[in-house]
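Colleague: Mind having a look at this structure? Questions to follow.
The values are calculated or read from the model by the stated rules, or taken from the named source; none is laboratory data. Note that this is a predicted model, so its numbers are computed, not measured. Virtual Cβ from ideal backbone geometry, glycine too; neighbours counted across all protein chains shown. The accessibility values were calculated without ligands, DNA or RNA, using every heavy atom of the protein model including side chains. Shrake-Rupley method; radii C 1.70, N 1.55, O 1.52, S 1.80 Å.
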Amino acid sequence: QVQVVESGGGLVQPGGSLRLSCAASGRIFSDNAMGWYRQAPGKQHELVGFITSGGATNYGDSVKGRFTISRDNAENTVYLQMNSLKPEDTAVYYCNLGTYYRGRYHSGGAWGQGTQVTVSS
């Protein structure tokens with residue numbers, strides 16, 4: 001059974017930065033991709049971006065140029081560096097262990113509990 005734990009959320013002013021961490025443990029395959037999702041109050045679950053086992057990344061249009069995903073395969077840990085944060089980035093952020101197949105990220109059953117990010121002045 002795979003477990004995923006997010007950390008690093010908090011309160012930050014607009015324009016500030018945060019780095020989220022996602023640590024996975026259990027049965028993890030070398031070809032797994034990992035994705036970051038977020039959900040704001042009253043909004044749908046959104047794929048923020050993902051990283052493949054080879055280190056290739058993809059981001060949603062709303063965060064391109066501001067967020068960066070990196071991966072430490074040896075530690076089964078993924079990071080989400082968030083810069084130039086905006087109030088609309090406020091959400092609960094979740095990481096997910098999934099797969100990259102036919103040009104798409106496919107979420108898996110392993111989700112973390114989420115970490116709250118609040119961007120407010």
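Colleague: Can you tell me how many residues within the range 11-32 are within 19 Å of residue 63 (Cα to Cα) and part of a strand (DSSP E or B)? Working first, answer last.
Modeller: Our first condition is that a residue be within 19 Å of residue 63 (Cα to Cα); within the range 11-32, this holds for 11-22.
Of the ones still in play, those that are also part of a strand (DSSP E or B) are 11-12, 18-22.
Number satisfying all stated conditions: 7.
Colleague: Hey, can you tell me all the residues within the range 91-105 that are surrounded by fewer than 18 Cβ atoms within 10 Å (Cβ to Cβ) and closer than 20 Å to residue 61 by Cβ?
Modeller: 103, 104
Colleague: Given the structure, is residue 37 surrounded by 13 or more Cβ atoms within 10 Å (Cβ to Cβ) and free of Cβ contacts under 8 Å to residues at least 40 places away in the same chain? Even if it seems obvious, please write down each step before you answer.
Modeller: On the way: surrounded by 13 or more Cβ atoms within 10 Å (Cβ to Cβ): yes; free of Cβ contacts under 8 Å to residues at least 40 places away in the same chain: no.
Criteria not met by residue 37.
Colleague: Taking the criterion of being open to solvent by 20 Å² or more (accessible area, probe 1.4 Å), over 12 Å from residue 96 (Cα atoms) and under 11 Å from the mean Cα position of the chain (by Cα), would at least one residue in the range 9-20 satisfy it?
Modeller: Checking the range 9-20: at least one residue is open to solvent by 20 Å² or more (accessible area, probe 1.4 Å), over 12 Å from residue 96 (Cα atoms) and under 11 Å from the mean Cα position of the chain (by Cα).
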